[in-house]
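Notes for the one structure printed next.
The values are calculated or read from the model by the stated rules, or taken from the named source; none is laboratory data. Source: prediction; values computed, not measured. Because the Cβ atoms are built from the backbone with ideal geometry, glycine has one as well, and the counts that use them run over all protein chains shown. These accessible areas exclude ligands, DNA and RNA; they are computed on the full protein's heavy atoms, side chains included. Shrake-Rupley method; radii C 1.70, N 1.55, O 1.52, S 1.80 Å.
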Amino acid sequence: MESALNSGDTAWILTASALVLLMTPGLAFFYGGMVRGKSVLNMMMMSFGAMGIVGVIWVLWGYPMAFGTDIGGFLGNPFDGFGLGNLLAANPEESLPSMAFVAFQATFAIITVALISGAIADRTKFGAWMAFAGIWVTLVYFPIAHWVWAGDGWLFNLGAIDFAGGTVVHINAGVAGLALAIILGKRKGWGKDPMRPHNLPFVMLGAGLLWFGWFGFNAGSALAADNTASVVWVNTMVATCAAMLGWLITEKIRDGKATSLGAASGVVAGLVAITPACSSVSPIGAIIVGVVAGVVCALAVGLKWKLGYDDSLDVVGVHLVGGLTGTLLIGFLATAAAPAGVDGLFYGGGVDQLGKQAIAAFAALGYSLVLTLIIGYAIKMFGGFRVSEEAEVNGIDLAVHGETAYETLGIGRVSTEVKA
Amino acid sequence: MKLVCAVIQPHRLDDVKSALEAAGVRGMTVSEASGYGRQRGHTEVYRGAEYTIDLVPKVRIEVLVGDEDATSVTSVIVGAAQTGKIGDGKVWTIPVEDVARVRTGERGPDAI
């Protein structure tokens, strides 16, 4: 039999997978620059740690749970295809090898977990974080990915549109961040001591890497090197540009100055919001999605000060709010002329799609919130989630990892002996 | 012997250094410092959260002089560091009991 393999599609998806994998180190820089100098290594290690644990779990039982044999539209069977040994042989019927899809989706699971870490900066036990990452990705991420993206998933069959992960990735991680910020509590001195970003160039670098990798995330989700991928690419670019401008204008009006942190944050807010919508809107629609996300998220990051939760790096304000914005705006701005082929409210499609979008958004939100609270409180009870106050004040890098990022942080350190 | 200490605006350092050299001062110690006086600090805004930064960057200069030179060195520093704006800094003089030059072991005024 002649092989159906499409080498163009396969080459693009393998490339896109590598692009998305680079987003997690990019996130490490984005987050690492925003914390204080005494905890930058721990912040970056939470992202790298997620790469380690989630990557291994994905290959063992993650892929089967998310995309394997369906159990009731809710979950795949983790034992059917455990370890991926069943996917080694070439399948002549596939235009894209399953292993390419495994590779691509692995990187999504990794970054979703890493995103959560921004809510609990400066104070989380590394071991507890690693345990959380493994349990959470299994009990929360894999099921929701199955609902939305697997051919048998219940939200997929409902007709909800989430092209690249507004619900699965961003609403999911955003609300999980909120749950953990509440469980862990505020950092010592929150709201009193200055906790300004220690390295804004890192934040800009991270935002740039995220933007670059996001083209793999969104355009790769077409799972082909085709017109859909190209439309998605342009929508992803222009929404992000518009969101950055939206955030900067909001800051200029409210605070008097357009900041570099605002530009980096606007970029990420725009990327988050266009993620679910990139296949279903026109470029003009994408600009509207971007501007709305930039303005709304710039305002939403102030919520934590009023409500009193220490979501340290605004996972809620950017990912939860941005994810909701993009997922719901599909219901208004979708146009049948775009690859997804659905009309939203503003294009004469009525409220039907908006209803489906709301169901998908709030199903993911509710499930993730409840499960994350249970997992988080369980870890807090059995072993603790937070480092000691002394470790937090002196710097979590030194206490947890035995390292300091910068020489100036180790005043008076004199080496007496080198052990090898 | 006296120690003349000055905390000045960082951007005035070059002029003060040149003026002191022109006045015959042969050595000084310069260090970065942080502080505030009547101008207090400034504010920075990160994602809408406003931080008041009390301490602003300053430069501290220390010059060892003989008793007779303290007043004139103070005047040289004031003259060169002054911009007339708030935050220009302070200069003060304190008595010094003893000085030693490490290289030669000289003591007292000879070591200056």
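For the stretch A:268-305, the tally of residues that are open to solvent by 10 Å² or more (accessible area, probe 1.4 Å) and either within 11 Å of another protein chain (Cβ to nearest Cβ) or touching a residue at least 40 places away in the same chain (Cβ under 8 Å) (or both) stands at 13. Restricting A:ALA90, A:ALA50, A:ALA119, A:ALA28 to those that are at pLDDT below 95 and either farther than 26 Å from A:PRO276 by Cα or within 16 Å of the chain's Cα centre (by Cα) (or both) reduces the list to A:ALA90. Cβ-Cβ contacts under 6 Å between residues 6 or more apart (or on different chains), taken from a first residue in the stretch A:333-358 that is part of a loop (DSSP other than H, G, I, E, B) and at pLDDT below 95 to a second residue that is open to solvent by 30 Å² or more (accessible area, probe 1.4 Å) and charged (D, E, K, R), are listed as A:GLY349/A:ASP343.
Answer yes if at least one residue in the stretch A:381-393 is aliphatic (A, V, I, L, M), under 23 Å from A:ALA173 (Cβ atoms), buried (at least 16 other Cβ atoms within 10 Å of the Cβ) and out of contact with any strand residue (DSSP E or B) (no Cβ under 9 Å at 6 or more places or on another chain), and no otherwise. No, that holds for no residue.
Note on the stretch A:234-258: among residues that are surrounded by fewer than 20 Cβ atoms within 10 Å (Cβ to Cβ) and within 14 Å of chain B (Cβ to nearest Cβ), the one that is farthest from B:THR52 (Cα to Cα) is A:ILE249.
Within the stretch A:1-56, being of a type in the set (Gly, Ala, Ser) and closer than 30 Å to A:SER230 by Cα holds for A:SER3, A:ALA4, A:SER7, A:GLY8, A:ALA11, A:ALA16, A:SER17, A:ALA18, A:GLY26, A:ALA28, A:SER47, A:GLY55. Within the stretch B:45-79, can you find the residues that are open to solvent by less than 70 Å² (accessible area, probe 1.4 Å), closer than 30 Å to A:LEU261 by Cα and either in a strand (DSSP E or B) or more than 14 Å from every other protein chain (Cβ to nearest Cβ) (or both)? Result: B:VAL45, B:TYR46, B:ALA49, B:TYR51, B:ILE53, B:VAL56, B:LYS58, B:VAL59.
Test A:VAL316 against the criterion of being over 21 Å from A:MET237 (Cα atoms) and among the β-branched types (Val, Ile, Thr), and give yes or no. Spelling it out, A:VAL316 is indeed over 21 Å from A:MET237 (Cα atoms) and among the β-branched types (Val, Ile, Thr).
If you check every pair at least six apart or on different chains, which have Cβ atoms under 6 Å apart with a residue in the stretch A:359-375 that is under 16 Å from A:ILE182 (Cα atoms) first and a residue that is surrounded by fewer than 21 Cβ atoms within 10 Å (Cβ to Cβ) second? Hits for this filter: A:LEU371/A:LEU139; A:ILE375/A:ILE135.
Take the conditions open to solvent by 60 Å² or more (accessible area, probe 1.4 Å), more than 14 Å from chain A (Cβ to nearest Cβ) and not aromatic (Phe, Trp, Tyr) and apply them to B:LYS17. Does it pass? So B:LYS17 fits the description; yes. Applying the criterion of being within 13 Å of another protein chain (Cβ to nearest Cβ) and in a strand (DSSP E or B) to the residues of the stretch B:35-44, the residue that is nearest to A:PRO197 (Cα to Cα) is B:GLU44.
In the set A:SER230, A:SER221, only one residue is closer than 25 Å to A:LEU21 by Cβ and within 19 Å of the chain's Cα centre (by Cα); that residue is A:SER221.
So, restricting to helices (runs of 4 or more DSSP H) that lie completely within the stretch A:103-174, which ones have at least 3 residues that are open to solvent by less than 10 Å² (accessible area, probe 1.4 Å)?
Values: elements: A:126-136, A:142-149, A:154-158.
Filter on the stretch A:103-174 gives A:126-136, A:142-149.
Got a sec? Which of A:ALA273, A:ALA239, A:ALA219, A:ALA224 is touching a His at 6+ places or on another chain (Cβ under 9 Å), farther than 18 Å from A:TYR31 by Cβ and hydrophobic (A, V, I, L, M, F, W, C)?
On the way: A:ALA239 fails: touching a His at 6+ places or on another chain (Cβ under 9 Å); A:ALA219 fails: touching a His at 6+ places or on another chain (Cβ under 9 Å); A:ALA224 fails: touching a His at 6+ places or on another chain (Cβ under 9 Å).
Within the list A:ALA273, A:ALA239, A:ALA219, A:ALA224, the selection yields A:ALA273.
Just need a number here: residues in the stretch B:15-59 that are acidic (Asp, Glu) and in contact with a strand residue (DSSP E or B) (Cβ under 8 Å, 6 or more places away or on another chain). Write out each step before concluding.
Going residue by residue through the stretch B:15-59, those that are acidic (Asp, Glu) are B:15, B:21, B:32, B:44, B:50, B:54.
Retained after the next criterion (residues that are in contact with a strand residue (DSSP E or B) (Cβ under 8 Å, 6 or more places away or on another chain)): B:32, B:44, B:50.
The total comes to 3.
For the stretch A:67-81, the condition holds for no residue, the condition being that it is modelled with pLDDT under 95, assigned to a helix (DSSP H, G or I), open to solvent by 30 Å² or more (accessible area, probe 1.4 Å) and not hydrophobic (A, V, I, L, M, F, W, C). Among residues of the stretch B:20-34 being assigned to a strand (DSSP E or B) and among the hydrophobic types (A, V, I, L, M, F, W, C), the one that is most open to solvent (accessible area, probe 1.4 Å) is B:VAL30.
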